[in-house]
Structure formats: C-alpha cells, structure tokens
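What follows is a set of notes on a single structure, which appears directly below.
Quick note: the coordinates plus some simple rules give every number you see, no bench work behind them. Predicted model, so just to flag it, every value in this text is computed and none were measured. Don't worry about glycine lacking a Cβ; one is built from the backbone with ideal geometry, like all the others, and counts go over all protein chains shown.
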Amino acid sequence: TSQFPTGISFSELGEMEISVVVSEPVCNDSDDETVITLVRPLASVALQEYVGCDPFKIEFEDESISSTPLQYLWDFGNGVQSVHPEPYNIYDSAGVYDLSLTVWTSSGCVDTSYLLLPGAITVNPSPNSKFDRWPAEASIFEPHFSFEGLTDSIVACWLELGDGEEETGILPDCEFQYSYSDTGTYFPKYFVENQFGCIDSTALELRVLPEYRLWVPNAFTPNGDGVNDTFKPNVMGAK
C-alpha cells in the first residue's frame with residue numbers, strides 16, 4: 001500500500017502481472033505492468049563416463065540452462081579450448097584430464113557460471129599391433145603360411161586371414177599356421193587387446209600364386225566310347 005514498495009521478491013520464473021491502483025476521494029485509476037523473472041545461467045554437462053583408448057574422441061553434450069543466449073568456453077585439460085556449444089576433442093595421449101565449462105550471458109540475467117570436473121576423462125593407452133608372416137608369396141601347390149605376433153603386454157590376440165576365416169591365438173606367442181584354398185592377394189589383419197580393453201590392428205599383404213600346367217596327348221581314340229574321343233590339351237591355371 002506504499003507509494004514505493006520495496007523488498008518484493010518472486011519465487012517463480014516467467015511473467016508476473018503487476019497492477020497498481022491509485023485512489024482519491026472522488027476518482028481512481030489503475031495501471032498494469034509485466035515483470036519477468038529470468039533463469040540465472042548455470043553451466044552443466046551431460047554426465048557420463050569418459051573412459052576410452054587413445055586416440056580418444058569425445059563429443060561433449062551441453063546441458064547448461066539460461067533464459068537468454070549463452071556464450072561458451074570449454075577447457076578440455078589437454079591444452080585445447082573451444083567456444084562451440086557442443087564441441088568434440090581428440091585425446092592423443094593416455095592420461096587423466098580435467099574438464100571445465102564456463103558460460104555467461106550478455107543480456108537478460110547477466111551472469112557467469114563455471115563448472116569444473118576434476119579427473120573427468122580417463123584415456124587408456126592402446127597396444128601397438130605388430131606381426132610378421134612368411135613367406136610373402138607361395139604357390140597354390142603349397143599355400144602354407146606362418147604368422148607370429150610381435151606385440152607384448154596383451155591379454156588376447158586373433159587373426160583375420162582375409163578370406164573370411166579367423167583364428168584365435170594362444171598367448172604369449174600368438175603363432176598361427178594357415179593354408180589358403182585359392183590363389184589371390186590377401187591382407188591378413190592381426191588384432192591385439194591389452195588389459196584396458198583397448199584394441200589395435202594392422203595388416204600385411206601376401207600372395208598365393210597360380211601354377212600353369214599344359215599337357216598335350218600324342219593320341220586319341222574317336223570311337224564314341226566316351227574315353228579319349230576328343231583330341232585336346234589339358235590346361236591348369238588358365239582359361
């Protein structure tokens with residue numbers, strides 16, 4: 001009822017209709033106005049477990065709130081920053097990293113909010129897949145190959161032969177023997193997994209070579225008995 005009321009607060013967000021009525025003994029008048037209460041900006045990140053293997057790519061999801069447009073500054077803890085609302089970052093080295101997000105507004109409720117997540121990101125080291133095969137080329141008459149893994153500190157290994165087949169290795173040697181059933185160029189791929197569940201693979205090329213044989217008979221018996229009725233050479237490995 002005072003001319004200049006003070007200490008008025010609003011517990012709800014949004015638009016509030018305010019009215020004032022002025023009266024004197026004979027006449028009165030009224031006026032309406034709208035008061036808007038805004039959300040104070042609050043920095044927030046979608047909570048999830050950021051654990052992976054290097055190189056580890058993370059797409060961050062923003063859950064900050066504000067009544068007016070926000071500006072962003074992300075710090076990924078590895079010397080890289082971003083001003084995009086929902087950026088991504090690639091962690092090339094193993095380690096534990098802090099994540100921070102600063103948001104602020106320049107209109108409405110002008111304020112700044114800062115969020116720090118210590119040790120939010122764990123990047124585990126990936127193994128380095130290495131293997132050898134011999135020979136690099138073999139005849140289809142003897143298409144036999146040997147493979148040997150050359151990666152240490154692993155918990156599992158397996159080999160995709162390149163022809164649809166797969167072999168599981170036995171630790172610690174991870175040795176394989178395989179014989180191909182057809183000629184061609186193959187790219188066997190060697191997979192390794194370490195104690196963190198990180199997997200790496202590499203491939204090598206090998207070839208199974210065709211053999212060509214030609215035999216021409218010196219006689220035939222065209223008597224219609226179905227045996228040696230036609231004179232023709234026998235060819236292997238060619239059309």
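Quick notes on this structure:
- Over segment 31-157, relative contact order from alpha-carbon pairs under 8 Å, at least 6 apart, %: 24
- Rounded FRET efficiency, nearest 0.05, which uses the C-beta distance separating residue 10 from residue 31 and R0 of 22 Å: 0.70
- Cβ-derived FRET efficiency at R0 25 Å, residue 181 paired with residue 238, nearest 0.05: 0.85
- GluC sites (Glu not before Pro), loop per DSSP, at most 16 other Cβ atoms within 10 Å - longest free stretch of the chain: 64-164
- Cα gyration tensor, segment 117-239 - rounded (a/c under 1.5), prolate or oblate: prolate
- Along the chain, the exposed loop sites are chymotrypsin sites (Phe, Trp or Tyr not before Pro) outside DSSP states H, G, I, E and B with at most 11 other Cβ atoms within 10 Å, and the longest stretch free of them is 11-140.
- Extension gain, residue 86 to residue 46, is 13.3 nm, computed as 0.36 nm per intervening residue step minus the present C-alpha separation.
- If you wrap the tightest convex hull around every Cα atom of segment 119-167 and split its volume per residue, you get 114 Å³.
- Equivalent ellipsoid dimensions for the chain as semi-axes, Å, which come from the Cα gyration tensor, largest first: 79, 26, 12
- Subtracting the Cα-Cα distance of residue 227 and residue 171 from 0.36 nm times their residue separation leaves 14.6 nm of extension gain.
- If R0 equals 45 Å, the separation of the Cβ atoms of residue 111 and residue 24 corresponds to a calculated FRET efficiency of about 0.60.
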